[in-house]
Amino acid sequence: MALTLLRGMRTLVVARRNAGLFFTTLQTPVLSRFTTRAESARAAAPKSIQLATKEAAEQKAQGFEAVIGIETHVQLSTVTKAFCSCPYSYGSQPNSTVCPTCMGHPGTLPVLNAKVVECAVRLGLALNCEIAMTSKFDRKQYFYPDLPKGYQISQFDIPIAKEGYLDLDLPVEFGGGHRRFGVTRVHMEEDAGKLLHSESGSYSQVDLNRAGVPLLEIVSEPDMRTGIEAAEYGAELQRLVRYLGVSNGNMQEGSLRCDVNVSVRPIGQSNFGTKVEIKNMNSFSAISRAIDYEISRQILLHKEGQADQIVQETRLWDESSQKTFTMRKKEGLADYRYFPEPDLPEVVLTSEYIDEIQNSMPELPEAKRRRFENMGLSMQDVLFLANDDNVARFFDSTLEHGADAKLAANWIMGDIAAYLKNEKLSIDEIKLTPLELSELIASIKNGTISGKIGKEILIELIAKGGTVKSVIEEKDLVQIADPAAIEAMVDQVLADNPKQLEQYRSGKTKLQGFFAGQVMKASKGKANPVLLNKILGEKLKANS
């Protein structure tokens with residue numbers, strides 16, 4: 001696709017000429033230059049900044065409480081866009097997946113992608129919402145260079161789902177506890193294009209690949225009170241859409257975007273304060289830090305008698321400075337001039353359609369957590385295992401092959417998780433199978449191999465595959481459990497280390513660990529550790 005960069009132009013002109021798509025560039029104001037700097041900032045702040053921001057927020061929050069709500073946009077993993085047959089693939093060449101419909105050419109008509117409706121109903125049911133049997137689309141009017149039609153097809157007064165809730169468990173390190181946050185609505189809409197700002201900040205380019213990509217917007221009730229709660233709400237939504245398969249939920253790709261509304265009020269006051277919207281947060285950690293900063297900023301203005309300086313506006317989070325900055329004043333509903341979309345019919349659902357989707361729903365994160373908890377697992381174990389659907393399936397499959405729940409959880413959360421992190425792999429990309437993990441656990445439990453040997457076998461199974469039995473036989477790793485054989489090795493080690501034996505007799509009893517290590521070295525790690533310690537203890541006691 002040809003790219004024409006016309007510096008200084010202030011209006012968008014999109015046209016096809018000789019099968020090439022030309023688009024102008026836009027003079028970028030100071031605000032866009034700020035956005036460029038923010039996007040190029042480091043991905044995450046040091047932990048000390050996080051802690052300092054959190055502590056400052058807690059100290060300044062005396063006498064005030066925050067009221068937080070989140071608008072989350074989820075990009076759906078459909079094959080084609082919402083209202084045309086164009087595909088969408090993240091990272092494609094600019095303006096390579098567009099057509100007259102998603103470019104907003106006059107005379108083109110939208111055709112609703114039925115998969116979008118299915119995804120909306122699926123997510124609405126997962127959020128315990130009331131599904132609208134009849135809903136409609138509306139035009140949301142506003143001008144922006146990446147919105148070629150001059151309006152966005154969305155849903156206004158009759159969304160496809162409303163009045164739901166989302167249950168979650170806070171991590172133990174943040175105090176733990178169960179939370180339920182209300183969901184106001186879920187509605188369908190299309191995405192806009194994207195502005196690509198130059199490094200110099202002197203111009204911007206328009207990429208319309210994303211224009212028309214289907215979105216679901218989830219609007220929460222203002223039920224959250226801290227940055228941690230808001231971040232965990234966002235993480236649970238991400239978990240939910242991944243479980244459902246409606247989106248990959250990747251924040252880095254823009255598949256899940258959270259805009260946060262924050263206000264503060266004196267404790268005991270029923271009326272809400274003036275809310276501020278925060279954008280440009282590309283991680284859940286950033287959401288928490290941005291909210292903590294904004295709460296501190298607003299409380300400080302209240303305490304200094306400058307509450308009138310808090311205005312309804314949109315602010316951007318800047319990772320480099322760990323602060324929010326004014327982007328623009330927030331538009332009201334009247335500015336969007338909503339009216340029903342005349343080119344699309346109403347969306348009419350049947351009870352049979354909804355029941356069919358309901359019956360095909362997978363086990364959701366909340367139900368999975370409760371099931372794991374009933375197995376006697378700790379909340380830390382539960383949250384880790386249920387966080388990723390692939391990990392949860394691997395765990396469940398391991399149990400189906402007879403493994404103990406706690407032992408399986410320990411192996412998955414310990415050595416396997418460490419390997420996955422170091423190699424940057426997911427659990428479905430390794431060669432270890434749930435069956436072989438259960439066999440490994442059984443082999444350690446029945447004394448065939450030691451725990452140390454088990455760790456060595458695990459790494460080989462993860463990297464190369466195979467079976468526990470074949471690795472044990474091939475490398476002669478069967479644990480030595482013959483008391484006579486172990487006693488002979490203990491006698492030899494004591495005979496080979498007379499100096500250390502004399503020191504032990506003199507009171508340095510910690511040397512027992514040295515002797516045990518020497519025996520394990522001589523046995524190549526195959527000596528049964530329980531039997532070894534028993535025999536060694538008896539020998540040392542007799543020699544004292």
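The values are calculated or read from the model by the stated rules, or taken from the named source; none is laboratory data. What you see is a predicted model; the values in this text were computed from it and never measured. Neighbour counts run over all protein chains shown; Cβ positions are idealised from the backbone, glycine included. Accessible surface is based on the protein model in full, side chains and every heavy atom, while ligands, DNA and RNA are left aside. Shrake-Rupley method; radii C 1.70, N 1.55, O 1.52, S 1.80 Å.
Screening Val478 against (1) assigned to a helix (DSSP H, G or I); (2) open to solvent by 50 Å² or more (accessible area, probe 1.4 Å); (3) of a type in the set (Val, Ile, Thr) leaves a single unmet condition, (1). For segment 288-308, the condition of being open to solvent by 20 Å² or more (accessible area, probe 1.4 Å), over 23 Å from Ala120 (Cα atoms) and touching an Asp or Glu at 6+ places or on another chain (Cβ under 7 Å) holds for none of the residues. Residues in segment 502-530 that are open to solvent by less than 50 Å² (accessible area, probe 1.4 Å) and basic (Lys, Arg): 1 in all.
Need at least 3 residues that are free of Cβ contacts under 8 Å to residues at least 40 places away in the same chain and more than 48 Å from the chain's Cα centre (by Cα) per element, so show me which helices (runs of 4 or more DSSP H) inside segment 486-544 make the cut, counting only ones lying wholly within it. Those helices (runs of 4 or more DSSP H) span 498-505, 529-543. Checking each residue in segment 163-194 for being over 11 Å from Cys129 (Cβ atoms) and aromatic (Phe, Trp, Tyr) picks out Phe174, Phe181.
Does Ser283 fit the bill of being open to solvent by 50 Å² or more (accessible area, probe 1.4 Å) and out of contact with any Phe, Trp or Tyr (no Cβ under 9 Å at 6 or more places or on another chain)? Break it down into steps so the answer makes sense when it comes.
Details: open to solvent by 50 Å² or more (accessible area, probe 1.4 Å): no; out of contact with any Phe, Trp or Tyr (no Cβ under 9 Å at 6 or more places or on another chain): yes.
Judged against the criteria, Ser283 is not a match.
Which residue is farthest from Asn390 (Cα to Cα), if the candidates are limited to segment 255-288 and must be of a type in the set (Gly, Ala, Ser) and at pLDDT 90 or above? Result: Gly273.
Yes/no per residue for (1) open to solvent by 40 Å² or more (accessible area, probe 1.4 Å); (2) farther than 28 Å from Ile131 by Cα; (3) among the aromatic types (Phe, Trp, Tyr):
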site: Ser321; (1), (2), (3): yes, yes, no
site: Asp343; (1), (2), (3): yes, no, no
site: Leu349; (1), (2), (3): no, no, no
site: Asp355; (1), (2), (3): yes, no, no
site: Gln358; (1), (2), (3): yes, no, no
site: Met361; (1), (2), (3): no, no, no
site: Lys368; (1), (2), (3): no, no, no
site: Phe394; (1), (2), (3): no, yes, yes
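Mind counting the residues in segment 350-377 that are without any contact (Cβ under 8 Å) to a residue 40 or more places away in the chain, closer than 23 Å to Val391 by Cα and assigned to a helix (DSSP H, G or I)? Residues meeting the conditions: 7. Scanning segment 86-138 for residues that are in contact with a Cys (Cβ under 8 Å, 6 or more places away or on another chain), crowded, with 16+ Cβ neighbours inside 10 Å and of a type in the set (A, V, I, L, M) gives a single hit, Val98. Could you count how many residues in segment 305-318 are of a type in the set (D, E, K, R), out of contact with any helix residue (DSSP H, G or I) (no Cβ under 6 Å at 6 or more places or on another chain) and at pLDDT 90 or above? Final tally of qualifying residues: 2.
Remark: pairs (first residue in segment 114-135, in the same structural domain as Val219 (by the TED database) and assigned to a helix (DSSP H, G or I); second residue open to solvent by 30 Å² or more (accessible area, probe 1.4 Å) and of a type outside the set (D, E, K, R); Cβ separation under 8 Å; 6+ apart in sequence or on different chains) = Lys115/Val79; Val121/Tyr353; Arg122/Met361; Leu125/Gln358; Leu125/Met361; Ala126/Met361; Ala126/Leu364. Scanning segment 370-385 for residues that are surrounded by 17 or more Cβ atoms within 10 Å (Cβ to Cβ) and within 23 Å of Glu439 (Cα to Cα) yields a count of 6. Is it true that Val471 is closer than 30 Å to Lys421 by Cα, open to solvent by less than 80 Å² (accessible area, probe 1.4 Å) and hydrophobic (A, V, I, L, M, F, W, C)? For Val471, the condition - closer than 30 Å to Lys421 by Cα, open to solvent by less than 80 Å² (accessible area, probe 1.4 Å) and hydrophobic (A, V, I, L, M, F, W, C) - is met.
Number of residues in segment 157-169 that are surrounded by fewer than 18 Cβ atoms within 10 Å (Cβ to Cβ), in contact (Cβ under 8 Å) with a residue 40 or more places away in the chain and in a loop (DSSP other than H, G, I, E, B) equals 1. Among the residues making up segment 219-264, those that are more than 16 Å from the chain's Cα centre (by Cα), farther than 19 Å from Thr324 by Cβ and either of a type in the set (Val, Ile, Thr) or surrounded by fewer than 24 Cβ atoms within 10 Å (Cβ to Cβ) (or both) are Val219, Glu221, Asp223.
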